[in-house]
1. Quantify how much of the Cα-Cα distance distribution of the range 535-663 extends past 24 Å, in percent.
2. May I ask for the net charge around Leu189, where only other residues with Cβ less than 15 Å from the Cβ of Leu189 are counted and Lys, Arg are +1 while Asp, Glu are -1?
3. Which loop-located GluC sites (Glu not before Pro) does the range 33-78 contain, where loop means any DSSP state but H, G, I, E or B and the Cβ has at most 10 other Cβ atoms within 10 Å?
4. By per-residue mean of other Cβ atoms within 10 Å, what is the highest-first order of 400-407, 24-31?
5. Which of the peptides 175-186, 309-320 is most tightly packed, and how do the rest follow, judged by the mean count of other Cβ atoms within 10 Å per residue?
6. Shape verdict for the chain, please, from the Cα gyration tensor: rounded (a/c under 1.5), prolate (a/b greater than b/c) or oblate.
7. Is there a pair in Lys132/Lys298; Lys34/Lys132; Lys445/Lys516; Lys474/Lys580; Lys258/Lys596 whose C-alpha atoms are over 30 Å apart, and which pairs would that be?
8. How about the range 495-590: which chymotrypsin sites (Phe, Trp or Tyr not before Pro) there are in a DSSP loop, with at most 15 other Cβ atoms within 10 Å of their Cβ?
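The values are calculated or read from the model by the stated rules, or taken from the named source; none is laboratory data. Because the structure is predicted, anything quoted here is derived from the model rather than measured. Here Cβ is always computed from backbone atoms with ideal geometry, including for glycine, and neighbour counts include all displayed protein chains. SASA here: full protein model, heavy atoms, side chains in, ligands and nucleic acids out. Shrake-Rupley method; radii C 1.70, N 1.55, O 1.52, S 1.80 Å.
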Amino acid sequence: MKTLAKPILGAVYMVEENLSLERHYHDLEQIKKKGLHVIVMWPPVSPWDSEDGVSYSFKTVDKIMDKCHELGLQVIVELEGQNPSFQFAPDYLFKPEHSTVSDRARHWVNYYHPEVIENMAIYIRLVANHFKNHPALYGYDVFNEVNFHSTDIYSVNAFRKWLENKYVTVPNLNKIWKRFYTSFDQVHLTNLRANYSRWSSLRPWLDFEDFRADSIKDFVKTWGDLIREIDPAHPIIADNSWSMTTFDTTILGNDDWKVASVVDCFGLSVYPQSWDVRLREDPCAVAQIYRGGISAGKESQKKPIMISELQTHNQTALAKGSSVFDEIRIWTWQAFAHGAEGLIYWKWNPFTAGFQVGGRGMTSADGTPNERADQAAECAQVLTQHGSYFLGREIYNHHVYLTYNPVCDRFTDIILPDDHGLYRKSIKAWYQYLWEKGIQPTFVKPNDISNIKDHKKAILIAPLLSMVSASDNKGIKEYIKKGGKFIADGRFAIVDENGYAFEHAPGDLIETMGFKEMDFISPYDAKELSFERFSRVWLKSGKAELTSDKGDAVIVSTENTLYLASPFGVDLPNAQVRKKLDQYFDKNLCADIEVKQKSNQVDLVISKGKGTMISVINYGKQAETVVVKLDCTGKIKNFWPRTKAQIDGSIVSFTVPSRDVGTIVIE
C-alpha cells in the first residue's frame, strides 16, 4: 500500500486580485503559525498580472509559491474544479459551442469538445512546466469535486464509442436495449429516458451513467498523464464529493473506485453541515462518509487518502444552520482515525465575493484566525508529534464487509421514483447496525469480493442487492465455498446486471442460499412480524430461523448463509429480527478484538500499523468511556492529554471528555 511521506494538514488558499500582496503574505504566515504545513493554491495562474490583464501570467502566484518556500509550506496546485475562466477557458477563448448541454452540470465547459481538449492540454502543460522544479511544490490536484454531464453532440459521439467498446456489435446492443438500430451512430440521448424507453429496458439509462463515471475517470487519467510526461516526480490528486455510498451518483456522475484507480492520492470533499445536510449530531453518518471513501481508495486501490475539502464554517453570509463550532477538531480527528493521511480545510479566508460571500473560512474578514483555526492548530500539534503513527494504517473491520453496487443503486432509484435513495438507506441501516457494535466494515464492490482473503473469519453482507450479475454470482459462490459467511436481505438477486428478471430468485444462487422466492408482498401483515416489503420463500435446503404466524419464513439459514425476507432497517423495525441478528453476530463475529462498551455518541475506530491504535470521537454532551478487549498487550501512548486510558492485561478502558477526541496506541 502506498503512503504519504508524512500526514498532511492544510487549507485551500485562494489567490485573489483584490487582496494586497502584503495581505497574502500575512495569511501565509498565520497558516504557518497555526501549524498547518500545506496549502492548496487556486488559481494556479494570475492573469490580472499580464500586460493585457487577461492572458496567462504567474507573477502573483510565483510570489505566493516563493513565500511558501520561505515559510516551509508546501503547495498543492489545483488545476480544475473551480471557475474555468481562471483556468483553461478564459473568456476570450470561450465559444458558445464549448458549453455543456445539461440540466445538472456544475461546469459550463464541455471536456469532450475538441477545442476544449486542446485548450486544457495547453493549460496543463503550461502549469506543469512552470511549477515542476519549484521547491514548494507538493503535487497537483487535477480535478476537484469531479463531475460531468452533457448531452451535446461531442458527448453523444463519445457515448457511441463507449457503447461500441462494450457491446462490439449493434445486434448485441439491440438485444439488451430492446431497440432496433443498424449503427451505433443512430444512438441519441433524447429518448433514452422517455417513459416507454424505460418501460422496455433500463440498460440505456444505466449505460449512460456508467459512461459518465468512465468519462470522469478518463479525464482524470488524461490530465494526470499530461502532467506525468512533464513532471513524473510529484503526485496526482483528484477528489470526489462525499462517499458514493451516501450520495446520489447521478447528480455528479462520480465513482470513487474508478477515480482512485488513476491517481496517486484520492480525495474526498466533506461538508457535514451545509446545503441540506445536517450531521453535527450524527457521528455514524460522518463515519460512513469517511469509511466509504477510504474503502474505495485506500483498501481497494491501495492509494493514500486525503480529505481534499473539509467544511470550516457558514455556507454563505446569510445561511442558517451551517455554522461550525467545535466540529473542526471532531471532524478532523475522525478523518485521521479512519485512515486519512491528509486533510485540507475549505478554506482559510472567508469568501470575499460571489455566491458564498462571507461564507466559509477559519479567519475573520481581515485575516485574523479564529477559534476554528485554533482547533486545527491543536490537531496539527498532535500530528506533528506523532505523525508516523498515522501512515499506512489498516482499519480493523472485525472481518466484516458491506457490498455496495452503484448500478444497483441507480437501478433502485429508477424503479422507485417515489422512494428515492432506498438502496442507500439500506446501506446506511446496515452500516449503523454494525457501527453501534463498534464494527467498522469495509465497503466492497461486487467485483472486489474475490479479493477478500480472510474467508474463515469473514462476514459479507449484501444490503438490498436486487441486481446480481453472472460474475457476481460466481464471486459470491467462490467466497462461500471457501468458508465465508454471507448475509442477504429481500429482495435479493431478482434481476441480472441488465435489469432482466431471473425466472426464479435468487437467480443462480438458489442452491447456495437454500431457498427460492415465490412471491413479493407489500405490505405483509402478520402478528408481531409485519413488513412493508416481504419476500415469501420456499425452503429448499435452508432452515427457517424465524417464522411468522402465517407460516412464512422470515429468516432463512444454511451453514454459511443467512437471508432476511425483508430489507433490513429501511421499513418497519422489528425487534425479533434484530434479536436474531444479534445472536448471529455473537456466534459468528471474529473475537480477535471485542468491543465491550461503547455508546452511540461515540465513533470508535481501531487500527493496526505502528502499534494498535484506538481512536474515540465523542459527539456527546458528557464524557464517554469505551472498553475494548485487544489481541495484544503493551504500554499505552496517549496522544491527547485531556483523555484518560488504562490497560489491564488485554482490556483497555479509554475515557474521552464531551465533544472531544482521543487516540491511544498500545505497543
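1. 48 percent
2. +2
3. Qualifying residues, ordered by number: Glu51.
4. 400-407, 24-31
5. 309-320, 175-186
6. Oblate, since a/c reaches 1.5 and b/c is not below a/b.
7. Lys258/Lys596
8. Tyr500
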